[in-house]
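Trainee: Next up is a structure, given as structure tokens.
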Amino acid sequence: MASSLNNLTCLLHFSLLLATSSSWITVFTFHVPMKTTYIHPLNCSIETTANTTCIASLYHITRDDYYTLQQIAFDYSVNTSRINPITHGTRQGYLITVPCSCTNSTQSLNGGFYYFYHTTYKNVKKGDIFVNISNTFYSGQAMPINRVMVPGQDLPIDIPCGCSNQRVVTYTVQQNDTLEKISLLLNSTLPALLRMNKILAHKPSFLDASWVLFVPLDLNGVPPTTHTK
């Protein structure tokens, strides 16, 4: 069984829930085929937010020790001053400050207006696969596309973000996360997480690795960042 799984070309995550309390929803991750993620942008009203932006944050998960701040800044089309290190247990992550806009969806959604940050994946390579681009460079937060990727061309990337009376962080659920850990990490609260993420309201006892959530920060502001050597 193990050898047959190793021969699959696409290994994604399967999550097993071992706790029932919504405040202690723990995700354990194994490699199995055919895992899909949950990602759905936040709706916005064009009548009230057209041509305006807010400041939001994207949580970037570092998967390579040699992935520098300059490379992260290049991929997200920001200055390095917009990137702040933040430690999640023993893992290094980054909070990236970006402008978040209410725009008409041009990717896989059927019309409507949603909050997005727009960047560009530069110079598509032969053999590139979109899901690998999203997972490797954008922490699995890039909206799926409905266009053919052409080697040598740039690829527009839409990353869901959020505008509220609080700063909103786009966050990808990681292995062994709980809602309490996420809220503590990003200076949020469990009620705020449940209000902003419909998927949690529908299934309050379940949290799955690779889900993309929106985390409203506490009104006290952005969580303190830590620098690692």
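The values are calculated or read from the model by the stated rules, or taken from the named source; none is laboratory data. Computed from a predicted model, the values in this text were never measured in an experiment. In this analysis, Cβ positions are derived from the backbone assuming ideal geometry, glycine residues included, and neighbour counts consider all displayed protein chains.
Trainee: Residue check, residue 188 against (1) modelled with pLDDT of 90 or more; (2) closer than 23 Å to residue 143 by Cα, all met but one. Which one?
Mentor: So residue 188 meets the others, but not (2).
Trainee: Looking at (1) in contact (Cβ under 8 Å) with a residue 60 or more places away in the chain; (2) in a strand (DSSP E or B), which one does residue 137 not meet, given that it meets all the others?
Mentor: It is condition (2) that residue 137 fails.
Trainee: What's the total number of residues in region 156-173 that are assigned to a loop (DSSP other than H, G, I, E, B) and closer than 13 Å to residue 213 by Cβ?
Mentor: Here the count works out to 3.
Trainee: So which residues in region 171-184 are hydrophobic (A, V, I, L, M, F, W, C) and crowded, with 20+ Cβ neighbours inside 10 Å, if there are any at all?
Mentor: Within region 171-184, the first condition is being hydrophobic (A, V, I, L, M, F, W, C), and the residues that meet it are 173, 179, 182, 184.
If the condition is that a residue be hydrophobic (A, V, I, L, M, F, W, C) and crowded, with 20+ Cβ neighbours inside 10 Å, then 173, 179, 182 are the ones that fit.
Residues are listed down the side, and each one gets a yes or a no for (1) touching a strand residue (DSSP E or B) at 6+ places or on another chain (Cβ under 7 Å); (2) of a type in the set (S, T, N, Q); (3) without any contact (Cβ under 8 Å) to a residue 60 or more places away in the chain:
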| position | (1), (2), (3) |
| --- | --- |
| 113 | yes, no, no |
| 120 | yes, yes, yes |
| 143 | yes, no, no |
| 150 | no, no, yes |
| 186 | yes, no, no |
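Trainee: Look through region 141-168, keep the residues that are among the small types (Gly, Ala, Ser) and crowded, with 20+ Cβ neighbours inside 10 Å, and return whichever of them is nearest to the chain's Cα centre (by Cα).
Mentor: 142
Trainee: So residue 153 fits all but one of (1) part of a strand (DSSP E or B); (2) modelled with pLDDT of 90 or more; what number is the exception?
Mentor: (1)
Trainee: Answer with yes or no whether residue 97 is farther than 16 Å from residue 169 by Cβ, of a type in the set (S, T, N, Q), surrounded by 12 or more Cβ atoms within 10 Å (Cβ to Cβ) and touching a Lys or Arg at 6+ places or on another chain (Cβ under 9 Å).
Mentor: Criteria not met by residue 97.
Trainee: On to the next question. Out of the residues in region 97-111 that are polar (S, T, N, Q) and touching a strand residue (DSSP E or B) at 6+ places or on another chain (Cβ under 8 Å), which is modelled with the highest pLDDT?
Mentor: 97
Trainee: Take the residues of region 78-95 that are in a strand (DSSP E or B) and without any contact (Cβ under 8 Å) to a residue 60 or more places away in the chain: which is nearest to residue 63 (Cα to Cα)?
Mentor: 93
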